[in-house]
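A quick write-up on the structure given underneath.
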Amino acid sequence: TKVSSYRSHILEPEEYADIFSSTVTNGFIALEIAIGYKLGLFGSLNEFTSPVSPTELAVSCKLKERYVREWLGCMSAAGFVSISSDDKYFIPEACKPHTESSKLASVLPQLAVNTSSVLECFKEDGPKGYDYSNQFDTLMWLDDMIINHVTVNGLKRTYSRSDTRNQ
């Protein structure tokens with residue numbers, strides 16, 4: 001077995017705290033992105049040609065205005081939805097194609113459901129592995145996303161099954 005001599009960069013405490021905190025915050029935002037994808041909020045916002053009120057977006061998606069307003073607040077605070085001078089919401093035209101990656105975030109709630117089972121695997125007396133059979137459809141969908149639709153920094157890379165399984 002070859003031992004790697006790679007050493008990671010040691011972060012300064014302030015930089016570490018910033019990265020750690022923003023990663024946790026981004027996790028919450030990713031769940032909101034998943035909600036937006038699953039409920040069709042991104043799709044609907046992308047179809048509008050001018051800024052809309054929370055009520056207009058809620059009606060277009062057949063959702064409750066109160067929750068749509070809260071979601072828009074989160075997405076605008078994160079910078080993914082813009083607010084016009086008359087307090088209406090929109091995604092800039094040039095940014096709309098990038099919301100397609102919200103599809104990938106939509107798998108997070110399904111995977112998070114079984115966190116407690118995964119936690120048990122870590123324990124000395126816990127199970128030797130985790131049974132993913134109840135998530136087969138989710139994992140097949142995720143596999144397809146990684147192999148056929150991965151885009152990094154605007155560049156599409158198609159992976160072969162051997163690329164993703166032998167790492």
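The values are calculated or read from the model by the stated rules, or taken from the named source; none is laboratory data. Quick caveat, the model's predicted, so the values are computed rather than measured. Every residue, glycine among them, receives a Cβ derived from its backbone with ideal geometry; neighbour counts consider all protein chains shown. Side chains are part of the model used for accessible areas, which takes the heavy atoms of the whole protein and leaves out ligands, DNA and RNA. Shrake-Rupley method; radii C 1.70, N 1.55, O 1.52, S 1.80 Å.
Scanning the range 1-44 for residues that are at pLDDT 95 or above, farther than 20 Å from W71 by Cα and touching a helix residue (DSSP H, G or I) at 6+ places or on another chain (Cβ under 9 Å) turns up nothing. What about I29, is it of a type outside the set (F, W, Y) and either surrounded by fewer than 11 Cβ atoms within 10 Å (Cβ to Cβ) or not in a helix (DSSP H, G or I) (or both)? When the stated conditions are applied, I29 does not pass them. Considering Y89, Y130, the condition of being aromatic (F, W, Y) and out of contact with any Pro (no Cβ under 7 Å at 6 or more places or on another chain) is satisfied by Y130 alone.
Could you check the range 110-127 and list, in sequence order, the residues that are part of a loop (DSSP other than H, G, I, E, B), of a type in the set (G, A, S) and surrounded by fewer than 10 Cβ atoms within 10 Å (Cβ to Cβ)? Scanning the range 110-127 gives no hits. The single condition from (1) open to solvent by 50 Å² or more (accessible area, probe 1.4 Å); (2) farther than 25 Å from V113 by Cβ that L45 fails is (1).
Looking only at the range 83-95, decide whether some residue is assigned to a helix (DSSP H, G or I), open to solvent by less than 80 Å² (accessible area, probe 1.4 Å) and among the aliphatic types (A, V, I, L, M). So far as the range 83-95 goes, no, none of its residues is assigned to a helix (DSSP H, G or I), open to solvent by less than 80 Å² (accessible area, probe 1.4 Å) and among the aliphatic types (A, V, I, L, M). Among the conditions (1) in a helix (DSSP H, G or I); (2) modelled with pLDDT of 75 or more; (3) farther than 30 Å from P51 by Cα, the only one that L142 does not satisfy is (2).
So which residues in the range 29-59 are touching a Cys at 6+ places or on another chain (Cβ under 8 Å) and not hydroxyl-bearing (S, T, Y), if there are any at all? If the condition is that a residue be touching a Cys at 6+ places or on another chain (Cβ under 8 Å) and not hydroxyl-bearing (S, T, Y), then I29, E32, L39, G40, L41 are the ones that fit.
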